[in-house]
1. Working only within the range B:125-142, note down all residues that are more than 11 Å from every other protein chain (Cβ to nearest Cβ) and either hydrophobic (A, V, I, L, M, F, W, C) or touching a residue at least 12 places away in the same chain (Cβ under 8 Å) (or both).
2. Residues that are in a loop (DSSP other than H, G, I, E, B), under 24 Å from B:Val314 (Cα atoms) and at pLDDT 90 or above: does the range B:212-235 have at least one?
3. Could you please let me know if A:Ile198 is within 12 Å of chain B (Cβ to nearest Cβ), over 28 Å from A:Pro54 (Cβ atoms), out of contact with any Lys or Arg (no Cβ under 8 Å at 6 or more places or on another chain) and part of a helix (DSSP H, G or I)?
4. Find all pairs meeting these conditions: Cβ atoms under 6 angstrom apart; at least six residues apart or on different chains; first residue within the range A:172-192 and farther than 15 Å from A:Leu113 by Cβ and at the interface with chain B (Cβ under 7 Å from one of its Cβ atoms); second residue assigned to a helix (DSSP H, G or I) and of a type in the set (Gly, Ala, Ser).
5. Restricting attention to the range B:246-279, which residues are farther than 24 Å from B:Ala292 by Cα and under 20 Å from the mean Cα position of the chain (by Cα)?
6. From (1) surrounded by fewer than 21 Cβ atoms within 10 Å (Cβ to Cβ); (2) within 12 Å of another protein chain (Cβ to nearest Cβ); (3) β-branched (Val, Ile, Thr), pick out the condition that doesn't hold for B:Val154.
7. Could you check the range A:1-57 for helices (runs of 4 or more DSSP H) lying wholly inside it with 3 or more residues that are loosely packed, with under 12 Cβ neighbours inside 10 Å and at pLDDT below 90?
8. Spot the failing condition for A:Gly147; the list is (1) within 14 Å of chain B (Cβ to nearest Cβ); (2) free of Cβ contacts under 8 Å to residues at least 12 places away in the same chain; (3) of a type outside the set (Ser, Thr, Tyr), and only one is missed.
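The values are calculated or read from the model by the stated rules, or taken from the named source; none is laboratory data. Computed from a prediction, not measured in an experiment: that's the story for all the values here. Here Cβ is always computed from backbone atoms with ideal geometry, including for glycine, and neighbour counts include all displayed protein chains.
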Amino acid sequence: MTAATNPAPLRPKSALSETMARLLGDKPLVRLLICLAVLVLVAVLAPVISPHDPLKAVADLSNMPIGSDGLLLGSDNQARDLLARTIYGTRISLVVAIVPTVAATTLSVAIGLLAGYAGGRVDAALMAVLDVFFAFPIVLLAIAVAGVMGPGLLTIMVSIFVVLLPYITRVARTSTMQVTQRTYVEAARSAGAPAGAILVRYVLPNMIGPVLVYATTLIGLMIVVASGLSFLGLGVQPPTADWGAMVAEGSGVLRGSPHVTFVPGAMIVLTALLFNLIGDRLRDLFDPRKGS
Amino acid sequence: MKDLAQVEPILNVRDLRTHFEIKRGKLHAVDGVSFSVNPGRVLCIVGESGSGKSVTVMSLLRLIRRPGKVTGGTAVFHGDDLLTMSRQQLADIRGDRISMIFQNPLTSLNPALTIGDQVSEGLILHRGMGRREAQAEAVKLLRQVGIPSPKERVTDYPASFSGGMRQRIMIAAALSCKPELLIADEPTTALDVSMQAQILDLLKELQAEINNVLVMITHDLGVVASIADEVMVMYSGKVVEQAPVREIFAAPRHPYTQGLIATVRALDDASRPLHPIPGTPAIPLGQRMGCAFAPRCGFATDQCRLETPHLELVGSAHTVACHVKPDPDRTHV
């Protein structure tokens with residue numbers, strides 16, 4: 001704090017900007033975030049960077065090998081450009097994993113705050129309801145949702161949202177309970193602060209760290225889950241390019257042309273790994289035992 | 001206390017009872033505690049861990065959480081009972097006319113808010129000040145409690161302050177609305193000795209300036225000697241002795257108080273043998289009979305084991321709950 005040279009205005013920095021500065025000072029995390037940014041760019045700029053239309057047969061033959069004439073990654077079983085399909089598949093995989101996880105996290109934090117802070121009967125009632133959701137296996141749930149809404153992107157997202165809700169809420173609730181016991185919350189109560197202010201200013205900013213770390217790790221897992229559901233035909237329908245569906249399509253020619261399966265498969269693994277590594281790194285950075 | 005009846009006490013607690021429902025039964029953490037404090041006085045509540053000191057003051061502000069419950073008594077603050085008034089009334093009093101300082105300065109400040117925000121929170125909440133005005137006032141308060149260059153540091157977070165500094169910030173926040181009653185729960189326990197003395201001096205100085213009441217919890221008799229006007233000794237959820245500070249040290253009448261003072265004297269003076277109080281503190285669980293201290297007391301009689309002693313007047317303002325009331329000269333137990 002260079003107080004002498006920089007006479008501080010009243011609000012020069014927030015807890016958020018200070019946390020951001022700390023995260024961006026961590027080199028391994030920055031590298032991982034750059035990888036993520038590249039992935040997001042690929043998804044956003046798909047129409048610009050894709051060499052071909054992902055839905056049209058552009059090759060002379062189906063299942064052409066990697067490095068074939070004009071097709072960097074070869075072609076799939078319908079003679080479509082594998083590279084173009086992989087690029088377009090990024091869009092669906094990211095959306096289908098990130099959107100429901102973010103939505104579930106938002107609702108979970110609200111429920112977790114309420115349950116963890118209020119305790120007692122409110123807590124017991126909310127948790128009992130969520131325990132019902134715990135009982136849903138994701139594939140069965142997705143099949144049920146697909147039965148109502150038909151297979152598609154929304155079906156997968158709804159299923160993931162419902163399945164994640166109880167898990168993230170548990171973490172949010174535990175984290176809230178821990179923070180609620182800290183003396184500064186007691187101090188805020190002893191100072192007459194209203195419950196709303198205590199929750200927003202004292203509990204929320206101090207409980208959110210572990211929840212965000214957990215949710216980030218879950219995104220990685222959900223990419224795999226979403227691909228699995230697509231593989232089973234519950235997700236986007238052909239001919240739309242989706243990594244899980246591509247793996248399913250390639251599985252028929254796995255013996256002769258393994259790359260048709262392996263390319264989207266590798267993307268699933270790498271993307272899931274990327275989110276897991278980011279989650280792990282965040283966990284390390286937020287771990288109070290390691291100090292700051 | 002009756003002799004001082006012409007002065008209206010700021011806080012008058014009668015027969016306060018707080019129970020905790022735990023698996024093994026009812027824990028009588030506070031079991032019929034009564035005391036009152038007059039304006040401008042410092043009351044120290046003394047006792048070992050688990051004697052009910054903290055629960056007593058937490059009960060006054062209704063900060064007891066499940067499985068604890070205040071089950072009886074009154075706590076009259078300026079004519080209103082803190083224990084029965086509406087939540088809104090209580091919220092208006094908390095932090096404004098009564099405020100509290102906690103033991104561990106490292107955990108009692110919110111790490112996500114600047115110190116200026118925390119010190120000015122009460123002013124915004126209870127005084128209706130705007131942000132800017134409150135922050136300016138916070139700078140003044142921080143200067144008053146001895147934070148160097150407060151104007152620059154008001155936007156820093158608690159993490160960039162030491163333990164002693166954070167306790168000063170807590171004090172600034174607690175005193176922001178000039179409370180008539182300040183409760184300090186072992187404010188110096190987590191600090192090193194030189195810092196303890198500074199914080200005590202600061203508290204004394206500010207207390208004299210605002211002329212409010214300070215109720216301080218401590219287990220450190222050194223702290224008691226340096227700051228208290230009145231002393232209340234608690235054991236196992238009950239008050240065992242209460243007297244002006246000079247009398248407590250000169251003529252303690254309860255064997256437990258005598259034991260506490262004897263151990264401190266022994267520590268000060270290496271030639272005296274150390275007489276620790278034998279045994280461990282009684283757990284106030286379930287139905288109780290007789291004096292809670294009897295199992296550890298060298299003077300205990302059959303009456304002590306069967307009949308619960310009640311507070312009796314033994315001096316003009318000195319009460320003690322003991323059947324034997326041994327002479328202060330026979331200090332060891």
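1. Across the range B:125-142, the qualifying residues are B:Arg127, B:Met129, B:Glu137, B:Leu141, B:Leu142.
2. Checking the range B:212-235: at least one residue is in a loop (DSSP other than H, G, I, E, B), under 24 Å from B:Val314 (Cα atoms) and at pLDDT 90 or above.
3. Criteria not met by A:Ile198.
4. A:Ala191/B:Gly122; A:Gly192/B:Ala91
5. The answer is B:Arg246, and nothing else.
6. It is condition (1) that B:Val154 fails.
7. Of the helices (runs of 4 or more DSSP H) lying wholly inside the range A:1-57, those with at least 3 residues that are loosely packed, with under 12 Cβ neighbours inside 10 Å and at pLDDT below 90 span A:15-24.
8. So the condition that A:Gly147 fails would be (1).
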